[in-house]
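Report on the following structure.
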Amino acid sequence: MSGNLLEINDLHVNAGDKEILKGLNLSIPFNEIHAIMGPNGSGKSVLSNVLSGNEDYKVTSGQIIFKNKNITELKPNEISNLGLFMAFQYPLEIPGVTIMNFLKTIHEANRRANGLEVLGPSDFLKYVREKAEILGINDEVLKRQLNVGFSGGEKKRNETLQLLVLDPVLTILDETDSGLDVDALDIVSDGIVGMKNEENSFLVITHYKKLLDKLSPSKVHILVDGRIVESGGPDLADKIENKGFESFN
Amino acid sequence: MSSVEFHKFRENIKNINDYTDQKEKIFDNFIDQGLPNKRNESWKYFDLVSKSKKYIKNDISNSEIIVEDLEEKNIFYDYADNNLSIEDYFKPCNFFKSESVVDLNVACGNQIKILDIKHTQNEPITIKIDHNGKNISLPRLIINIADNVKAKINYVNSTTNGFLNLLVEYNIGNKSELEISRINSSQGLLVETNLVFLLNHSNFNMKNLSMPIESSRLQLFSNHIGEKSSCSSKTISIPSENSNDDILVDNIFSKSNCESVSGVRAILDKDSVCSFQSMIDIHNSVLGSKAEQDCKGFLLSDKAVMNAKPQMKIFNDDVICKHGATIGSLNEEEIFYLCARGLERKNAINLILDGHISSYIGEKGFLREFLPEEYK
């Protein structure tokens, strides 16, 4: 695949009356991993929410082009079914809904939205087990209620399972590494690296270099006060690690 | 409502010839009290007096009570075939002292059915109750579970008209277990009083799907008269538009090392109302009790109402007790989370509500057949 999978042009976004994103530009081609780093309050999570269609935030100008389609005004489910997946920083608990039932429901919704045949129960079970095995998730966990009583690490692992099951073309990892211990970080990053191919890309939002060391991003972007203020190679993450964000303010 | 309107029911006392004097006294008690209303009930239940008024004009009639899937050694029969002792006959009134709907039933009811479950049966027994008339019906059902017996009952209350004032008595034997899956889809006015007596190591477990179309009240009184007995009552309440669903659960701990769980999960749309009142009553000398009561209500419209009143009377320190109530609209963050996985808003809401339901009645089973299509 050639060209950009995602193009964000001069994006301005408000939360209530306050402008959070102030003319953000970003391009992500196919088959690349990009990272965004930035201080607290710079707008990283707002960006991921806006890309996912969260109506709590208002796009006042600019546009988001995904797969050559303007998704700026699309609903969250429409964006998701086009193949954009956000791994949440704080995954929500949904009592009473088992992980397996949830995965089946979202997988079916995705297949139907894309005109594909829904997998039968035994094929789907086999498909989910394959994905779960990559992350070391067993059948007992699949019977648990979605994120209910999960530790932070378990929730992130479960987010990664959803990612593997939906197999999107663009994945946004919103601080997926926070709350993960060393072993869990290895499992999740290995899962992501295993997914990467010529037809997809990743946008990793993080505070820490550790995940980037594992994912080897093509580009690192520095987001400060609602704008990308610098973009560069992985060495930019080293610079942040050593000197912090002070020099970008 | 004037008690004068009930005087004509005194005639019914003579229909069953036994214990006439005692029944007269209980009827007098009832006449003194009348049916519960907002004034003397002092809580947020619907007003039974005004709702029942149109049904009191006519005579008392019988309901249809059908028992199916009963294995050979377990029996279902009329009171007339095997009379109750005076103690058993008035057991509910002696227990309550003053509960007017029970007094009315015991004094004037002439339809008493008894189900004796003497042997464990693997398949569920089905009980169907229907009342179809423009009048009041006062059936009484006594369910006796012998010692060391396990049984399941699928119980369908589908009153189609009139006012059904039903009294159900459960006597659970030592080391016995009874599991009830109850569906209430009554279109008439329903007041159902369940009185549960639990002997040593016995277990009563009720999953209740309550979807009244008119107004309905379930009163469940569990009496832990044996040690290490347990009672669980979990209700999914989905009343129809302009309908009230009142749930009252009272867990009375008279013996040590007993457990109870009572709760309601309500989905309330339009101007429907659910009221949940629960009591944990632990007596002075009773040790090692565990009790939980909680409710969670989703209000899907500005006009929907949920009332919750968890209460505890605990006269002993050796108790573990939890209570809680959560009432509110749907969490928009949860909806967004599900929509961001590809679900349309409507389907995301239904999945959240389905989870709410499944947490009480599971993802499979008898009760799910009766759920509205959007939650199946």
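The values are calculated or read from the model by the stated rules, or taken from the named source; none is laboratory data. Computed from a predicted model, the values in this text were never measured in an experiment. No Cβ is skipped: glycine too gets one built from the backbone with ideal geometry, and neighbour counts run over all protein chains shown.
For the stretch A:52-70, what are the residues that are in contact with a strand residue (DSSP E or B) (Cβ under 6 Å, 6 or more places away or on another chain) and either buried (at least 20 other Cβ atoms within 10 Å of the Cβ) or among the aromatic types (F, W, Y) (or both)?
Initially, the stretch A:52-70 is screened for residues in contact with a strand residue (DSSP E or B) (Cβ under 6 Å, 6 or more places away or on another chain), giving A:52, A:57-66, A:70.
Answer for the stretch A:52-70, where residues must be in contact with a strand residue (DSSP E or B) (Cβ under 6 Å, 6 or more places away or on another chain) and either buried (at least 20 other Cβ atoms within 10 Å of the Cβ) or among the aromatic types (F, W, Y) (or both): A:S52, A:Y57, A:I64, A:F66.
Restricting to the stretch B:218-242, count the residues that are over 28 Å from B:N257 (Cα atoms) and aliphatic (A, V, I, L, M). Give the derivation first.
Narrowing the stretch B:218-242 to residues over 28 Å from B:N257 (Cα atoms): B:237-242.
When the remaining residues are screened for being aliphatic (A, V, I, L, M), the result is B:238.
The total comes to 1.
Collect the residues in the stretch B:314-327 that are surrounded by fewer than 14 Cβ atoms within 10 Å (Cβ to Cβ) and either touching a residue at least 40 places away in the same chain (Cβ under 8 Å) or within 14 Å of chain A (Cβ to nearest Cβ) (or both), keeping them in residue-number order. Working first, answer last.
In the first step, residues of the stretch B:314-327 are kept if they are surrounded by fewer than 14 Cβ atoms within 10 Å (Cβ to Cβ); the result is B:315, B:317-318, B:320, B:322, B:324, B:326.
Hits for the stretch B:314-327 are B:G324, B:T326.
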Scanning the stretch B:25-66 for residues that are surrounded by 13 or more Cβ atoms within 10 Å (Cβ to Cβ), modelled with pLDDT under 85 and not in a loop (DSSP other than H, G, I, E, B) gives B:K38, B:E41
Taking the stretch B:152-197 and keeping only residues that are of a type in the set (A, V, I, L, M) and either closer than 20 Å to B:I252 by Cα or surrounded by 24 or more Cβ atoms within 10 Å (Cβ to Cβ) (or both), one is left with B:L164, B:L166, B:L167, B:V168, B:I172, B:L178, B:I180, B:L189, B:L190, B:V191, B:L195, B:V196
Test of understanding: among A:V148, A:V128, A:V118, which residue is out of contact with any Ser or Thr (no Cβ under 7 Å at 6 or more places or on another chain), among the aliphatic types (A, V, I, L, M) and within 10 Å of another protein chain (Cβ to nearest Cβ)?
A:V148
Would you confirm whether or not the stretch A:120-134 contains a residue that is of a type outside the set (A, V, I, L, M, F, W, C) and crowded, with 18+ Cβ neighbours inside 10 Å?
yes
Any chance the stretch B:154-161 includes a residue that's of a type in the set (F, W, Y) and in contact with a Lys or Arg (Cβ under 7 Å, 6 or more places away or on another chain)?
yes
What residue, of B:I125, B:I143, B:I129, is closer than 17 Å to B:I180 by Cβ and touching a residue at least 60 places away in the same chain (Cβ under 8 Å)?
B:I129
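Please find, within the stretch B:335-376, the residue that is nearest to the other protein chains (Cβ to nearest Cβ) out of those that are charged (D, E, K, R) and surrounded by 18 or more Cβ atoms within 10 Å (Cβ to Cβ). Talk me through it step by step, then tell me what you get.
Here is the first cut: in the stretch B:335-376, the ones charged (D, E, K, R) are B:341, B:344-346, B:354, B:363-364, B:368-369, B:373-374, B:376.
The next check asks that each one be surrounded by 18 or more Cβ atoms within 10 Å (Cβ to Cβ); those that pass are B:341, B:354.
Numbers: B:R341: 4, B:D354: 7 Å.
Step by step, filter the stretch B:335-376, then rank; the result is B:R341.
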Which numbered condition B:V286 misses (of (1) within 11 Å of chain A (Cβ to nearest Cβ); (2) within 22 Å of B:V196 (Cβ to Cβ))
(1)
Determine if the stretch A:95-110 includes at least one residue that is at positive phi and at the interface with chain B (Cβ under 8 Å from one of its Cβ atoms).
yes
Of all residues being under 19 Å from B:G324 (Cα atoms) and either modelled with pLDDT under 95 or of a type in the set (A, V, I, L, M, F, W, C) (or both) in the stretch B:253-267, which is surrounded by the fewest Cβ atoms within 10 Å (Cβ to Cβ)? Just the residue, please.
B:V261
When you go through (1) within 8 Å of chain B (Cβ to nearest Cβ); (2) part of a helix (DSSP H, G or I); (3) in contact (Cβ under 8 Å) with a residue 24 or more places away in the chain one by one for A:L92, which number turns out not to apply?
(2)
